[in-house]
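Since the structure comes first, as structure tokens, the remarks are kept for the end.
The values are calculated or read from the model by the stated rules, or taken from the named source; none is laboratory data. Since this is a predicted model, take the numbers as computed values, not measurements. Because the Cβ atoms are built from the backbone with ideal geometry, glycine has one as well, and the counts that use them run over all protein chains shown. Surface accessibility is based on the protein's heavy atoms, side chains included, excluding ligands, DNA and RNA. Shrake-Rupley method; radii C 1.70, N 1.55, O 1.52, S 1.80 Å.
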Amino acid sequence: MEKAQLVVGFIRSSHGFSGECKIESASGEYEHIAKLKEVTLQHGNEKKEVKVESASIGSNTVYVKFKGIDSDEDIKKYRGWELLVPRKYCKPLEKDEWYISDLQNCSLIWENDPATSVAPAVVGTITDVLEGGAGYLLEVSLSESCTCISDEVKFTESGKSRTVLVPFNNEHIGKVDIKNGTVQLMHLWILE
């Protein structure tokens with residue numbers, strides 16, 4: 001299997017007594033998971049490569065039987081583990097969709113006036129994408145060297161660099177350029 005893999009699902013529970021399990025999709029799509037022949041199971045630093053014996057789609061789940069995992073007791077050991085596969089086996093992306101791993105480590109940039117030739121300011125680095133009640137949130141570690149935001153915003157009272165959450169929607173985020181590793185912030189006030 002390739003080295004660069006993405007999470008496509010999570011083992012939630014056993015299904016029956018023969019080692020079949022319920023898989024929750026990370027994307028909400030299930031067809032691509034049901035077609036997998038081999039996956040890497042991961043929990044923290046532990047990894048296990050397994051072959052898929054059978055898979056069928058249920059209601060908001062995929063029932064999967066892995067070779068060598070033959071009882072409900074065996075499945076309990078893997079509850080909560082992630083399923084990783086090479087990118088080519090993940091759900092195909094549509095327009096304005098990105099994998100979380102592609103957004104991580106992108107620079108969050110702000111342009112005072114895009115018509116000027118002044119380079120955009122890097123206000124922080126995206127460290128993660130979280131699910132919020134109303135949508136996704138970008139977790140951003142603010143840049144200590146950015147001059148377009150005040151020190152009161154950049155640092156905590158103890159002097160550490162702050163981490164903020166920015167709604168990942170059209171009102172707060174402009175152009176996403178994965179190729180160049182940048183995501184445009186529309187309003188500085190959201191960082192306060």
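Just to be sure, is Gln42 over 23 Å from Glu73 (Cα atoms) and either open to solvent by less than 50 Å² (accessible area, probe 1.4 Å) or of a type in the set (Lys, Arg) (or both)? No, not satisfied. Just one of the listed residues (Lys3, Lys37) is modelled with pLDDT of 90 or more and not β-branched (Val, Ile, Thr), namely Lys37. Of all the criteria given as (1) more than 30 Å from Gly19 (Cα to Cα); (2) touching a residue at least 60 places away in the same chain (Cβ under 8 Å); (3) surrounded by fewer than 17 Cβ atoms within 10 Å (Cβ to Cβ), the one not satisfied by Glu94 is (2).
The single residue among Ile23, Ile69 that is more than 19 Å from the chain's Cα centre (by Cα) and either within 30 Å of Gly135 (Cβ to Cβ) or in a loop (DSSP other than H, G, I, E, B) (or both) turns out to be Ile69.
Residue check: Gly133 meets all listed conditions (1) closer than 30 Å to Leu6 by Cα; (2) surrounded by 12 or more Cβ atoms within 10 Å (Cβ to Cβ) but one, namely (2). Considered as a group, the residues in region 149-161 that are more than 13 Å from Ile190 (Cα to Cα) and not small (Gly, Ala, Ser) include one that is most open to solvent (accessible area, probe 1.4 Å), and that residue is Glu157.
Mind listing whichever residues of region 65-77 are modelled with pLDDT of 95 or more and either at positive phi or surrounded by 14 or more Cβ atoms within 10 Å (Cβ to Cβ) (or both)? Lys65, Phe66, listed by residue number. Residue pairs whose Cβ atoms lie under 6 Å apart, sitting 6 or more positions apart in sequence or on different chains, and linking a residue in region 163-184 that is part of a loop (DSSP other than H, G, I, E, B) to a partner that is open to solvent by 60 Å² or more (accessible area, probe 1.4 Å), are Phe168/Tyr136; His172/Met186.
Of the residues making up region 78-88, those that are open to solvent by 30 Å² or more (accessible area, probe 1.4 Å) and under 18 Å from His43 (Cα atoms) are Tyr78, Arg79, Gly80, Glu82.
A quick yes/no check of all residues on (1) among the hydrophobic types (A, V, I, L, M, F, W, C); (2) more than 27 Å from Ala4 (Cα to Cα); (3) touching a helix residue (DSSP H, G or I) at 6+ places or on another chain (Cβ under 8 Å):
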| site | (1), (2), (3) |
| --- | --- |
| Asn105 | no, no, no |
| Thr127 | no, no, no |
| Leu137 | yes, no, no |
| Ser141 | no, no, no |
| Glu157 | no, yes, no |
| Asn180 | no, no, no |
